[in-house]
Amino acid sequence: MRHVTLRWLGVLVGVVVVAGALLIPGAQAARKLRVVATIPDLKSLVEAVGGDLVEVESLTRGTQNFHEAEVRPSMMLKLRRADVVVENGVDLDAWADTAIEGSNNPQIIRGAPGRIEVSRGLELLEVPSTRVDRSMGDVHPRGNPHFSLDPGLAPAITQTIVDGLARVAPESRAAFEQNRTAFLAQLQQRMAQWTKTMEPLRGSKVVVFHPDFIYLLTRFGLVQAATVEDRPGIPPSPQHLVNLIRQMKEEKIKVILVEPWNDIKLANRVAEEAGAKALVMATAVGAVKGADNYIAAIDYNITTLAKALQ
Ligand SMILES: [Zn+2]
């Protein structure tokens, strides 16, 4: 009985596939461009420029540590049907290479028109001046990859996305450009508010657990005085913590910025000993409640910082 049902199911799938193939010329005109982003920040930016011409999925959630994302079969399924992949680059999402290889989709392999890497052309911060060996555990061997939530870089990143989408769907370039212009106008307006909010706090020092915020801090004139980690991705030694607490007291540093996925207990302990406060930040879109899209995530971070530092 079960056998028979399965056979009929197979026939039915065959019929649907054939019918689908016959319909392709008409269907293609209306079909949305299927985009997969490696991280939710990029998903949000693709939605901003793609509008209703795209459907976008992210391979990770905002609450995750992207450095340690695991390649799963579900990632490959999403990638298999993708027209375009948007990746961060600079080692943050190097795991995507494995997932893309596994997806067996020639449209998105490196060098294919459907592959967009947004770090291209950006000026990176914290590029090591000496050679850093990843085998020693440093997860930022080629510079800091956490640039996606710096609103000052959004014009460049969205341009890269528009150019990439237009390679695959040239007929939609004008629409993508128009969406981008509208999005940047909205961002520009918020940028003026954020700049005004942060202006009195210029020069303020903060400690970060993992260096997730160097682009945002630099943009608004704040100073990353130290990290709780020894080096990016490497947990602190007891001696490092002793030095850190001493430095925070001496320099009267009031806050430690911590990622939702990180050791918040440790951050709280260090903050308490130093007479400071640990703040959970939106390391990505969706990392905390209320940070549901690109602008909301930045707004969350600016508001949180301003409140704690004033
Ligand atoms: Zn990192």
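Too long at a 31 Å Cα-Cα cut-off: which of Lys78/Lys277; Lys32/Lys289; Lys205/Lys289; Lys78/Lys196; Lys205/Lys265? Table pairs above 31 Å Cα-Cα are Lys78/Lys277; Lys78/Lys196.
Remark: the Asn268-Thr303 segment gains 10.6 nm on full extension, using 0.36 nm per residue and subtracting the alpha carbon distance.
Between the range 240-292 and the range 85-141, the C-alpha centres lie 28 angstrom from each other.
Counting only alpha carbon atoms, the long axis of helix 294-309 and the longest principal axis of the chain meet at about 10°. Can you run the Rg to Rh ratio on the chain? Use alpha carbon positions and the Kirkwood inverse-distance Rh. Looking at the chain, the ratio lands at 1.05. In the range 68-183, the convex hull through the Cα atoms has an average projected area of 8.3 nm², a quarter of its surface area. Here the dipole of the chain is about 480 debye; that uses its Cα centre as origin and unit charges on the Cβ of Lys and Arg (positive) and Asp and Glu (negative). With point charges of +1 on the Cβ of Lys and Arg and -1 on the Cβ of Asp and Glu, referenced to the Cα centre of the chain, which listed residue (Ser204, Ala306, Val228) lies farthest in the positive direction of the dipole? Sorting the options by dipole projection puts first Ala306. Helix 2-30 against the longest principal axis of the chain: what's the angle in degrees, Cα atoms only, rounded to the nearest 10? The angle comes out near 80 degrees. Here the Gaussian network model covers the chain, with springs between Cα atoms less than 10 Å apart; of Gly286, Gly164, Gly203, Gly203 fluctuates the most. Per residue, the chain exposes 51 Å² of accessible surface when a 1.4 Å probe is rolled over the protein heavy atoms with every protein chain present. So what's the angle, to the nearest 10 degrees on a 0 to 90 scale, between helix 264-274 and the longest Cα principal axis of the chain? That works out to roughly 20 degrees. Go through the range 154-237 and name the trypsin sites (Lys or Arg not before Pro) that are in a DSSP coil and have 11 or fewer other Cβ atoms within 10 Å of their Cβ. Of the trypsin sites (Lys or Arg not before Pro), the ones in loops of the range 154-237 whose Cβ has at most 11 other Cβ atoms within 10 Å are Arg202.
What's the carbon and sulfur percent of the chain's accessible surface, probe 1.4 angstrom, rounded to a whole number? On the chain, the fraction of accessible area on carbon and sulfur atoms equals 55 percent.
Out of all DSSP beta bridges with both ends in the chain, state the antiparallel percent to the nearest 5. Just about 5 percent of them are antiparallel.
The values are calculated or read from the model by the stated rules, or taken from the named source; none is laboratory data. Note that the structure is a prediction, hence the values are computed from the model and not measured. Because the Cβ atoms are built from the backbone with ideal geometry, glycine has one as well, and the counts that use them run over all protein chains shown. Note: areas computed on protein heavy atoms with side chains; ligands, DNA, RNA excluded. Shrake-Rupley method; radii C 1.70, N 1.55, O 1.52, S 1.80 Å.
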